[in-house]
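The values are calculated or read from the model by the stated rules, or taken from the named source; none is laboratory data. Being a predicted model, the structure only gives us computed values, none of them experimental. Every residue, glycine among them, receives a Cβ derived from its backbone with ideal geometry; neighbour counts consider all protein chains shown. Accessible surface is based on the protein model in full, side chains and every heavy atom, while ligands, DNA and RNA are left aside. Shrake-Rupley method; radii C 1.70, N 1.55, O 1.52, S 1.80 Å.
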Amino acid sequence: MLPQIISSYLAILAFSAYLEVPKKYIFFSAFTGTVAWTSYLIILQQDHSKMAAAFLSTALMAVLSHVLARVIKAPVTVFLIPGLLPVVPGGSIYKSVYYLIQSNQDLSTHYLVETLQIAGAMALAVFIVDSLFPAIIKNKSICGCKKGRA
């Protein structure tokens, strides 16, 4: 598991550089993605589905992105976009297209549905965190923010 975690950090570091994340935030953005991938692997080891693992790890990463954005005073997207990279269902979409080319409709459809479920779970997790985080911040002083300000 450790080689995967280190590889995810390095991959997201390179992806962040490619996205032109400001240099002072690049290591933090790689950290958010590493947290997402590590939590994804841990959740999968607990015999949960890929969809549940994607939802929970994306939610954790989105919360971390919001906290870092407020602590470091940077836009949330600087941490959120690179952080999503390791959880994106690239393998499932690859298998879907592969089996489509092989004329295996059943497996192609299976992996396409899996891809859409994982992507939907990720989008839902980001939406929920983005909706609830400002409301929580308004009620409690978190990350050094004053009450009523986000």
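Let's see how each residue does on (1) free of Cβ contacts under 8 Å to residues at least 12 places away in the same chain; (2) in contact with a Pro (Cβ under 7 Å, 6 or more places away or on another chain):
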site: Glu20; (1), (2): yes, no
site: Trp37; (1), (2): no, yes
site: Leu41; (1), (2): no, no
site: Gln46; (1), (2): yes, no
site: Val71; (1), (2): no, no
site: Leu80; (1), (2): no, no
site: Thr115; (1), (2): no, yes
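Hey, can you tell me all the residues within segment 112-144 that are open to solvent by 60 Å² or more (accessible area, probe 1.4 Å), of a type outside the set (Val, Ile, Thr), closer than 30 Å to Val67 by Cα and touching a helix residue (DSSP H, G or I) at 6+ places or on another chain (Cβ under 8 Å)? Within segment 112-144, Gln117, Leu124, Asp130, Gly144 qualify. Going through (1) farther than 19 Å from Ile128 by Cβ; (2) surrounded by 14 or more Cβ atoms within 10 Å (Cβ to Cβ); (3) among the β-branched types (Val, Ile, Thr) one by one, Val71 falls short only on (2). Among the residues of segment 74-88, the ones that are surrounded by 20 or more Cβ atoms within 10 Å (Cβ to Cβ), among the β-branched types (Val, Ile, Thr) and more than 16 Å from Asp130 (Cα to Cα) come to 1 in all. Of all the residues in segment 7-57, those that are open to solvent by 60 Å² or more (accessible area, probe 1.4 Å), outside any helix (DSSP H, G or I) and aliphatic (A, V, I, L, M) number 1. Could you check, for segment 98-111, whether at least one of its residues is under 16 Å from the mean Cα position of the chain (by Cα) and surrounded by 15 or more Cβ atoms within 10 Å (Cβ to Cβ)? No.
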